[in-house]
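The values are calculated or read from the model by the stated rules, or taken from the named source; none is laboratory data. These figures come from a predicted structure and were not determined experimentally. Positions of Cβ are generated from backbone atoms using ideal geometry, with glycine treated the same way; all protein chains shown enter the neighbour counts. Ligands, DNA and RNA are excluded from the accessible area calculation, which covers all protein heavy atoms including side chains. Shrake-Rupley method; radii C 1.70, N 1.55, O 1.52, S 1.80 Å.
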Amino acid sequence: MAMVVGDSALSATNYWRNAEKARPSCQHGSVILSRDVPGARKALELEIEAVGLVMSSLCARYNSLTPVNRLPPEVLVNIFHCLRHIHPPVNTDLRKIDKLAIPAKVFGWIQITHVCSLWRTLAIGTPSLWCHIPFYFLGAKWTEEFLRRSRPAPVRFSVEPVHEDNFDDYDMEQFGRYIEHHLPQLQELSVVRIFEDLTPCLPSLTAPAPLLEKLVLMNGPMFSFDDSEMTSLPLDIFRGSAPRLRHIGLERWYFIPWAALAFSSLVHLEVFQDRRDFSSYGRASKLERYQAEFRTILGALENMPSLETLTFEQVFPPPPRGVTPQSVYCPAVTLHKLREFNFTDDIRNCELVLQHIDALHAVRYQVHCIRILWGRRYLPRWLTAVHARMSGPIRRLSIVEDRVTVRLDFSTRSSGDVESSAAEHPPSQIPLFDLALIAPKDNYELSLSQMQDIFRVLPLENLEELHISYDMKWMTQDWSTVFGGLGHEVFRHVSVYSSSGSLLCELLMSEDWLKDWAPDRLSKLQIKEDRMDKELVDRLKNVVSEAEWDALHGGHDDDSGSSAGDEEEEDQEEDQDQDDDYDGDEGPDDEGGRVQLEDSAHDMRDSALSAAEYWRNAEQTRFAGQHGSSTIENHDVLDARKMLELEMKAIDALGSSVRTRYNGLSSINHLPPEVLAHIFHFLREIYTILPNTRYYRSTMSSKLTGWVQVTHVCRQWRDVALGHPALWSDIAFKLGRNWTDEFLRRSRKFAIAIDCDMLQQREAWYDDMEELITQHLSHTRLLRLEGFVDDFSPITPALRGRAPLLEKAVLLNEVNPYGADDSLFLPPDIFDGIAPRLCDLRLQEWVFSWASIAFETLVHLELIQIPDGPIETGLDLGQVLEVLARMPSLKFLKLTNVLPPLAHDVTPHSVFCPHVTLSKLHNLLLTGNIRTCGILLKHLDIPMATKCLVDCNVVGPSREYEFLLPWLFTRVNTSPSIRALTFEDRERGLFITASDHTGNTSDTKSSVSEHADEESPFTLGLSGSGIARREPTALQLHTLTNALPLDNLEVLKLHVYRNWTVQDWSVIFSKCKGLRHAGFSSAYGSHLCELLMQEEYSPQGRSQPLFVSLETLVLLGMSLSGSADFCAKLLRWLQWRQHWGRLRKLTIKYCTVHEEFVEKLRIEVEEVDWHRFVRVAGDG
């Protein structure tokens, strides 16, 4: 076997490792001072570039050994030419799609230039590959690139869009400039149906085209009935100088200069027009103009002696009256080389043109006579004339209908003639005359008598084939009348595709026909009919050697079904850590290899050599005597490729080693690994992993893995990331099972976080969650699971294991709208009672035992249940308090509908146990029955700064409000004075928020959230549920507010919808003498405003306002335009209270109010802030 490498004593890995070690600038571990780092990085950049060149050289050697690259260049280029035709570029507007997401198929065959250097060199070095300029392709830049690469070969311009949307507002002027500039080198110009006006580019066609061979100008409007875009060809097209022009194709031109198109070199001529294009012909001069146009076209054909193919479709004007088959308008034109003549027009034009053109007998005629009107008197006369020109008897007849026409196709050849003569004569020399009579379908029915008239003119005695796909309402006798005179013995093939098939088959089976035609002559009968009589088909099968019946509803029963396979979602899996072959321990051959390297390539150690020279010498030494693939025999190619694969693998490892050295000199890689790992921790928090769903895979697949991409930046980053298990402790359930297992493996025994939302991704492998939790609960620091009962049921037993490192447990059971039973029971021995670090516990919709969750280390506790949901049986409030007493470190406590109901004999002064002290509690959120909440609050000793949100459900008698009074009296006695009070009607009920800070006095609607405002000592909600819901009365609110220290109240905000009287509100707020800011938002705002207008008597016996200190007032969402009495009263009050000080500011938002009234308010108030909502016209 011919050797690929010259130095075969060394393996590829050892050879290139020794070459690296002999290069001083590539040595690892050398100390580089900070001032020398830029120079060292520059030197390593040159080394990396040189190693890349070696890899490219090896790839070229490897590719040269592939079978396709051992072909001669001429053969490869020929293959590229074929590929260009079958895989063209796709017509795509790149401005509308992401440049990074351009599919490879857009570029079509151009992708071959990116396969390897050999293919690219051959493709770019072959101008003929780029001479076809597809202007419908990727825009001006690609057009210029094609033109540059095609020089100096002749070019071909093509404008043929895939669909019309790509040519909206196409710049035809620019296209015309391209034609004008490159017309001397233009070999082909093709513009096909771009639905644009070609007028701007037509002037460029008035210069000589010495190399032009093909001209195709398919013009025409987007819609066939629109003639507005019709234009004319230039009279001096190419100035008559196009000596190589062989092909012309024209469509829908208003004026065609036939004399200018009479190029003697033409071989192929196609012209397609429409009858509407001659609508400008006047009636008076029809005959004269017809004769002139006829002579012009025939005269142009006379100057085209080389024509071999001629196609005319409605090129001649409509024949006028007086035209006969004997009419002669000019001498006959002789076209000696004509081989194919396709003509579509009126039957009179067809006969006249055939009469005026002399051609060889072997010409293939295809004549389509359109707009045939059955029954016209002139039709038989013209058909007789056309039939006289047919080269033989009619042997095939097809009667076909489509949506708008009926056509009769007559041919002088049958299928058997084509098969028998194909081997004897070339297709172009086979005599052929096809005649088609095409008539409109809707207005003119083909009757029996008309069919007989046609068959008398066009005799069918030699008919061999009959094809019928036309629903004619004829009887069997009618068919017998039409075909009665035929020579039945010559029938060879009959096919029927219509409802008349059964009648025709009955004709064939009649006694008159059976005795005349030999059944063995009809070798094959095809029937495609859904109403065919089966008995008739059986009879036919007995007399015909081969009969096919395809019944649409009963013949061949093809059971076809399709099942959509489940689309499998592939999980992305990161490559596993692999040992680096290049950086391993030195093998036994290293020392000997080093000696051989020194002896054979002494100059490689010369540090004066540049990087490119050094590695080029190393490659030449390795591949001494090898030049391409010429020295490799065919039977040694596979072995040579395997050896080169090893060399490329070693070079790749060499490049990785040099890049590692280069990356080691970057500033960030000088950081200690601990600092880098710390940065990765921050990155993990801000660059989270996306869920592995179909949406994200299709739109942001590169961002699915989030921060994990740091493991693919460089080797040092990867080593640091993989070497810190804490980075992988947050298990990525979002990416699927493979990534979950990989995160668990990389986290080792570090405390992990299991956060799995089983609602978002219904993965089948979640059934193994019990095993996963069982294996890893012992080193889990965070356990968060969310799902339905069916998801938790198999997992619950795993929660009995010990959790010595667990810090946070969140178990959220969502109510399944389709589930029959959502009760989920927490194991009584959860975590086996051992969770010494557990500080955060959150349970939602679980039935649990209070004793099982009595963890002394708890700081955050949330227990949530739906109203009237199941709770622990046999539980009393004293046991709950005992459990809370065992949690002295609590800072956040939320209890929602989890407290046991109280007995009916419990009073507000009942005592269940000594007071429970929670000295560290910051937030208390309590929801439940008002009686239970009141008793629990009475037994809790909490700091004065604790923020409380109490949402009480009132369902019993009115005296239940008294259960809150002990807590309120205790709470206010240890709290500072209340300075701000808010009443707010919410969906759940009335909420009262008290604060010792005034806060924002301009906002009427206070925001009451689940967590109490930081400035609010407490928020009290009074709500109800069901039929027994009871809204608090004014007297009950007075009872509650009477327990609050409101003497120093400064801010009062009322956002309520209660139709209480002024006296009701006065009872509640009569002692708020120091009120300074008031805000009302209510449909009953007039009652609230009248509260401010109340008077009282001073100690001196003088009348004064109830709230003397009031400074600002906010009115929100009130109607002030419909009550003139109230507006007048408000103005009088503002004027009266000026004796004690003017109102400083009045804010009106979202209120219906007259503008005149607002202007009056501005006189009485220092500042009026009016936000226009609805402007009502009228007097104030």
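It is to be established whether one or more residues within the stretch 310-318 are assigned to a strand (DSSP E or B) and at pLDDT below 90.
Within the stretch 310-318, the subset assigned to a strand (DSSP E or B) is 310-313.
Still in the running and at pLDDT below 90: none.
So far as the stretch 310-318 goes, no, none of its residues is assigned to a strand (DSSP E or B) and at pLDDT below 90.
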**Report entry** Residues of the stretch 1042-1064 classified as surrounded by 20 or more Cβ atoms within 10 Å (Cβ to Cβ) and not in a loop (DSSP other than H, G, I, E, B), total
**Finding:** 5
Report summary line: Picked from the stretch 241-262 (must be assigned to a loop (DSSP other than H, G, I, E, B) and touching a Gly at 6+ places or on another chain (Cβ under 8 Å)), the residue surrounded by the most Cβ atoms within 10 Å (Cβ to Cβ) is Arg252
Query - Tally, over the stretch 1126-1147, of residues that are open to solvent by less than 30 Å² (accessible area, probe 1.4 Å) and aromatic (Phe, Trp, Tyr) - result: 2
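Matching residues to (1) farther than 30 Å from Ala60 by Cβ; (2) modelled with pLDDT of 75 or more; (3) open to solvent by 80 Å² or more (accessible area, probe 1.4 Å); (4) touching a Pro at 6+ places or on another chain (Cβ under 9 Å):
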residue: His627; (1), (2), (3), (4): no, no, yes, no
residue: Glu645; (1), (2), (3), (4): no, yes, yes, no
residue: Gly655; (1), (2), (3), (4): no, yes, no, no
residue: Val675; (1), (2), (3), (4): yes, yes, no, no
residue: Lys703; (1), (2), (3), (4): yes, no, yes, no
Report summary line: Scanning the stretch 742-769 residue by residue, those at pLDDT 85 or above, assigned to a helix (DSSP H, G or I) and either open to solvent by 70 Å² or more (accessible area, probe 1.4 Å) or among the hydroxyl-bearing types (Ser, Thr, Tyr) (or both) turn out to be Arg745, Ser747
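Do the conditions hold for Arg959, that is, is it under 18 Å from Leu1020 (Cβ atoms), without any contact (Cβ under 8 Å) to a residue 60 or more places away in the chain, surrounded by fewer than 21 Cβ atoms within 10 Å (Cβ to Cβ) and not β-branched (Val, Ile, Thr)? Steps first, please.
On the way: under 18 Å from Leu1020 (Cβ atoms): yes; without any contact (Cβ under 8 Å) to a residue 60 or more places away in the chain: yes; surrounded by fewer than 21 Cβ atoms within 10 Å (Cβ to Cβ): yes; not β-branched (Val, Ile, Thr): yes.
Spelling it out, Arg959 is indeed under 18 Å from Leu1020 (Cβ atoms), without any contact (Cβ under 8 Å) to a residue 60 or more places away in the chain, surrounded by fewer than 21 Cβ atoms within 10 Å (Cβ to Cβ) and not β-branched (Val, Ile, Thr).
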Query - Test result for Arg959, among the charged types (D, E, K, R) and modelled with pLDDT under 75 - result: yes
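Name every residue in the stretch 901-938 that is outside any loop (DSSP other than H, G, I, E, B) and among the hydrophobic types (A, V, I, L, M, F, W, C), in order of residue number.
At the first step, the residues of the stretch 901-938 found to be outside any loop (DSSP other than H, G, I, E, B) are 916-917, 923-938.
Passing the criteria: Val916, Leu924, Leu925, Leu926, Ile930, Cys933, Ile935, Leu936, Leu937.
Conditions tested, residue by residue: (1) assigned to a loop (DSSP other than H, G, I, E, B); (2) in the same structural domain as Thr143 (by the TED database); (3) modelled with pLDDT under 85; (4) of a type outside the set (A, V, I, L, M, F, W, C).
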{"residue": "Phe157", "(1), (2), (3), (4)": "no, yes, no, no"}
{"residue": "Asn166", "(1), (2), (3), (4)": "no, yes, yes, yes"}
{"residue": "Asp169", "(1), (2), (3), (4)": "yes, yes, yes, yes"}
{"residue": "His181", "(1), (2), (3), (4)": "no, yes, no, yes"}
{"residue": "Ser190", "(1), (2), (3), (4)": "no, yes, no, yes"}
{"residue": "Glu196", "(1), (2), (3), (4)": "yes, yes, yes, yes"}
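Can you tell me which residue within the stretch 901-918, out of those that are modelled with pLDDT of 90 or more and either surrounded by 15 or more Cβ atoms within 10 Å (Cβ to Cβ) or out of contact with any strand residue (DSSP E or B) (no Cβ under 8 Å at 6 or more places or on another chain) (or both), is farthest from Gln879 (Cα to Cα)? Spell out how you get there, then give the answer.
Start the filter on the stretch 901-918 by keeping residues that are modelled with pLDDT of 90 or more, which leaves 916-918.
Of the ones still in play, those that are also either surrounded by 15 or more Cβ atoms within 10 Å (Cβ to Cβ) or out of contact with any strand residue (DSSP E or B) (no Cβ under 8 Å at 6 or more places or on another chain) (or both) are 916, 918.
Numbers: Val916: 12, Leu918: 16 Å.
By that ranking, first place goes to Leu918.
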Requested in this report: Go through the residues of the stretch 873-884 one by one and say whether even a single one is surrounded by fewer than 22 Cβ atoms within 10 Å (Cβ to Cβ), free of Cβ contacts under 8 Å to residues at least 24 places away in the same chain and more than 20 Å from Leu1044 (Cβ to Cβ).
Outcome: yes
Report task. Residues being buried (at least 16 other Cβ atoms within 10 Å of the Cβ) and more than 16 Å from Ala385 (Cβ to Cβ): count how many of those fall in the stretch 317-329. Result -> 3
Query raised in the report: Would you say Cys131 is open to solvent by 50 Å² or more (accessible area, probe 1.4 Å), over 25 Å from Asn634 (Cα atoms) and modelled with pLDDT of 85 or more?
Result: no
Query raised in the report: If Met1118 satisfies every condition in (1) among the aliphatic types (A, V, I, L, M); (2) open to solvent by 80 Å² or more (accessible area, probe 1.4 Å); (3) modelled with pLDDT under 85 but one, which is the exception?
Result: (2)
